[in-house]
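Visitor: Could you have a look at this structure, given as structure tokens, before my questions?
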Amino acid sequence: MENKWRRALPPAAAIVLFAAVWQAVCALFDIDPWTLPSPAQIARTMAGDAPRLMSQMGATLRLTFEGLALGVSVGVVSAVLFHWIPAVRSALSPILVMAQNVPVIALGPLLIVWFGFGLTPKLILLVLVCYFPVAWSMMTGLGQAEPQLREYMAMIGAGRWETLLRLELPASLPYFFSGLKITAAYSISSAIVAEWLGGSEGIGHYLVLKEKGFDTPAVFAAIVCIVAGSLLFYGLAALLERLIIRWRPEPQRRGGGAG
Amino acid sequence: MTDENRVQLEAVDVAKRFRRGGRTFPVLERVSLTVRAGEFVTLIGPSGSGKSTLFRIIGGVERPDSGRIRIGGRDTTGERGHISYMPQQPSLFPWLSVRGNIAAALAVAGVGKAEAERQAAEWLERIGLGGVANEYPRVLSGGMQQRVSFLRALLMPRAVMCLDEPFAALDALTRADMQAWLLRMWERERRSVLFVTHSIEEALMLSDRIYVLSASPAVVLREIEVPFARPRRADVWKEPAFTALKSEILELLAGGNARDGV
């Protein structure tokens, strides 16, 4: 336990130091809050606008969660399909890689043209963004099951489903979670872009309003919320990983004796 | 009892060749063998003599070019799911507990979940591994992992147990220990076993019959009845017949190698 606190100390100190320098620079050079608000001003703005920020944040988190859940599900199912049917994988993978390279900023407006300003285009955007890392890492993981375990399953006559459920899926979990953590960390930024493009709620929408009103402290307040949300999603994915993958030996940390 | 002589596993004139880069490599050349109910039969042969290929054909993972496999009196050539298997590496699932590993194998063989769990727990207790039933396999030593792997093969309700050099990766002391343990377990349970090994002593210690295979392409050089009484004594190697059989097999294997110019 003491070790854990000691590990958290350097990054926490760095953040505090960063905020202190920021605050000092703002005070020392008397910087206009319109250009760069001080941490204290941002905190005051957040406190003052708390109810609104909370409700907007709630909407954003809900959208992110729905998009993430949908994207991850589609990713897992298609990873299994690609794993089972290599022809489908080789046929579709160039298209998927190309689609992955279309910028969200270009795709968003098109989706709005096609699907209107409702929830649908935002969800589609999120699914497209969340899908790829999960599908690809999962697909890799499904092929990574140890050859000798694969041979064992074949020798005792396990079928395709049995091999998938008992061997390939568990073996792919570490890969799945590395994909999920990436996706979870940046899914909220994609939700912000989706809300920023069109809509009437969410932190992305709040950001648009505050930027148009040159309310820079509120813009920073929104940024703080977005970063916090992103950390929250990443943290949840990492927590889930720790809860599910329990068979791996505890990683030995540098300097830490206890495993 | 008529059951005594019932043939559980029969390989008839099994032949297999592999094609690689336009060339063909014959691996098995008309190999025939039988394992009767409750019989411990060993295949011994030089490395790369196609024993693993023969196992894969018996397991139905591969098809022979010609010849048939019959298990439990039925033609099962190219069909999976009729044997239980213990490989050289323990091959336990790292994400399942020791008990879960056994239960999973039983589930693949169609045993219900509750019954599989019950049997796994009961048997682990019986072989003195009850204390680690809920641990992950990685905390077990190599020898203990192989005991679990053997138990998993023993409990699967299949006509034949195929043990593929199960002790080859163990150190000498653990290996001797495991041989004695396997002997006791088998003499109590009397399952039909097909065992592969490189060790002549191991073969003579454990088996009722030994098939000596030649180097690749494999043929059966000789079928040897092992005359030592059951239950077998641990110092059976002191008997003159043991030494005689050992040199007979050694000569056969050496001759088989000489034929290939190895």
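Visitor: Does A:Gly157 count as within 14 Å of chain B (Cβ to nearest Cβ) and not in a helix (DSSP H, G or I)?
Guide: So A:Gly157 passes the test.
Visitor: OK, next. Output yes when any residue across the range B:58-81 is closer than 14 Å to B:Ala218 by Cβ and within 14 Å of chain A (Cβ to nearest Cβ), and no when none is.
Guide: yes
Visitor: Sort out which residues of the range A:129-154 are more than 11 Å from chain B (Cβ to nearest Cβ), surrounded by 17 or more Cβ atoms within 10 Å (Cβ to Cβ) and of a type in the set (Ser, Thr, Tyr), and write them in order of number. Talk me through it step by step, then tell me what you get.
Guide: Step one: of the range A:129-154, the residues more than 11 Å from chain B (Cβ to nearest Cβ) are A:129-144.
Now narrow it down to the ones that are surrounded by 17 or more Cβ atoms within 10 Å (Cβ to Cβ): A:129-139, A:141-142.
Result: A:Tyr131, A:Ser137.
Visitor: For the range A:215-222, does any single residue satisfy the condition of being hydrophobic (A, V, I, L, M, F, W, C), away from chain B (no Cβ under 14 Å) and farther than 19 Å from A:Ile42 by Cβ?
Guide: For the range A:215-222, residues hydrophobic (A, V, I, L, M, F, W, C), away from chain B (no Cβ under 14 Å) and farther than 19 Å from A:Ile42 by Cβ: absent.
Visitor: Same structure, new question: Could you list, in sequence order, all residues of the range B:89-100 that are more than 7 Å from every other protein chain (Cβ to nearest Cβ) and under 30 Å from B:Ala11 (Cα atoms)?
Guide: Those that are more than 7 Å from every other protein chain (Cβ to nearest Cβ) and under 30 Å from B:Ala11 (Cα atoms): B:Pro90, B:Leu92.
Visitor: Looking at the range A:113-122, can you tell me whether even one residue there is on the phi > 0 side of the Ramachandran plot, more than 19 Å from the chain's Cα centre (by Cα), more than 14 Å from every other protein chain (Cβ to nearest Cβ) and free of Cβ contacts under 8 Å to residues at least 60 places away in the same chain?
Guide: yes
Visitor: For A:Leu180, indicate whether it is buried (at least 19 other Cβ atoms within 10 Å of the Cβ), part of a helix (DSSP H, G or I) and at the interface with another protein chain (Cβ under 8 Å from one of its Cβ atoms).
Guide: On the way: buried (at least 19 other Cβ atoms within 10 Å of the Cβ): yes; part of a helix (DSSP H, G or I): yes; at the interface with another protein chain (Cβ under 8 Å from one of its Cβ atoms): no.
No.
Visitor: Next question, about the same structure. Would you check if A:Leu126 is assigned to a helix (DSSP H, G or I), buried (at least 20 other Cβ atoms within 10 Å of the Cβ) and among the hydrophobic types (A, V, I, L, M, F, W, C)?
Guide: Yes.
Visitor: Mind checking which residues of the range B:10-26 are among the aliphatic types (A, V, I, L, M) and within 19 Å of the chain's Cα centre (by Cα)?
Guide: Scanning the range B:10-26 gives B:Ala11, B:Val12, B:Val14.
Visitor: Determine whether the range B:111-122 contains at least one residue that is within 7 Å of chain A (Cβ to nearest Cβ) and in contact (Cβ under 8 Å) with a residue 40 or more places away in the chain.
Guide: No - not one qualifying residue is present in the range B:111-122.
Visitor: With the requirement that a residue be under 11 Å from A:Cys225 (Cβ atoms) and in contact with a Cys (Cβ under 6 Å, 6 or more places away or on another chain), what does the range A:26-52 give you?
Guide: None; the set is empty.
Visitor: Return the total of residues in the range B:41-57 being among the hydrophobic types (A, V, I, L, M, F, W, C) and within 12 Å of chain A (Cβ to nearest Cβ).
Guide: 2
Visitor: Being without any contact (Cβ under 8 Å) to a residue 60 or more places away in the chain and either within 14 Å of chain A (Cβ to nearest Cβ) or of a type outside the set (Phe, Trp, Tyr) (or both) is the requirement here; does B:Met86 meet it?
Guide: In short, no.
Visitor: For the subset of the range A:55-83 comprising residues that are hydrophobic (A, V, I, L, M, F, W, C) and over 17 Å from A:Val134 (Cα atoms), which member is surrounded by the most Cβ atoms within 10 Å (Cβ to Cβ)? Don't jump to the end; show me each part of the working.
Guide: Going through the range A:55-83, the residues hydrophobic (A, V, I, L, M, F, W, C) turn out to be A:57, A:59, A:61, A:63, A:65, A:68-70, A:72, A:74, A:76-77, A:79-82.
Those left that are additionally over 17 Å from A:Val134 (Cα atoms): A:57, A:59, A:61, A:63.
Working: A:Met57: 19, A:Ala59: 20, A:Leu61: 18, A:Leu63: 27.
By that ranking, first place goes to A:Leu63.
Visitor: Next question, about the same structure. Could you grab me the full set of residues in the range B:19-55 that are loosely packed, with under 13 Cβ neighbours inside 10 Å and either free of Cβ contacts under 8 Å to residues at least 12 places away in the same chain or at positive phi (or both)?
Guide: B:Arg19, B:Arg20, B:Gly21, B:Gly22, B:Arg23, B:Thr24
Visitor: Right, next: Search the range A:236-248 for residues that are within 14 Å of another protein chain (Cβ to nearest Cβ) and pair each with any residue that is part of a loop (DSSP other than H, G, I, E, B) when their beta-carbon atoms are under 6 Å apart and the residues are at least 6 apart or on different chains.
Guide: So the pair list comes out as A:Trp247/B:Pro94; A:Trp247/B:Trp95; A:Trp247/B:Tyr136.
Bear in mind that the values in this text are calculations on the coordinates, not laboratory data. Treat the numbers as computed from the prediction; the structure is a model and nothing was measured. Positions of Cβ are backbone-derived with ideal geometry, glycine not excepted, and every protein chain shown enters the neighbour counts.
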